[in-house]
Amino acid sequence: MIKVRPKPDEKIERTLRRFKKLCENEGILRDYRRHEYYESRSEIRRRKRHQAQRRREKEARDLKLGIKPRKDESTNGGHSVSFDM
């Protein structure tokens, strides 16, 4: 649960902005939208398969462009590899 307390002499707009930023960083709205409607198991598998395909295409494109991965794939099981330029 996110709690934001207004700092002394802080405008309510600024406090609200900090709250929205924290919600965005925590992924609360994204999670809410994902659970807004029922998603069957086959839809979940399809969505995850599509995300994995997009990730593999991005990794292949980055390797083709000569961008090196930050972490070795063997250390993290090949998941969520980020790239340095």
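Quick look at the numbers
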read-out: Enumeration of residues in the stretch 12-56 that are among the aliphatic types (A, V, I, L, M), under 18 Å from the mean Cα position of the chain (by Cα) and within 27 Å of residue 1 (Cα to Cα); value: 22, 28, 29, 44
read-out: Residue check for residue 71: part of a loop (DSSP other than H, G, I, E, B) and at pLDDT below 90; value: yes
read-out: Top-ranked residue of the stretch 46-68 - restricted to ones that are hydrophobic (A, V, I, L, M, F, W, C) and in a helix (DSSP H, G or I), ranked as modelled with the highest pLDDT; value: 52
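The values are calculated or read from the model by the stated rules, or taken from the named source; none is laboratory data. Being a predicted model, the structure only gives us computed values, none of them experimental.
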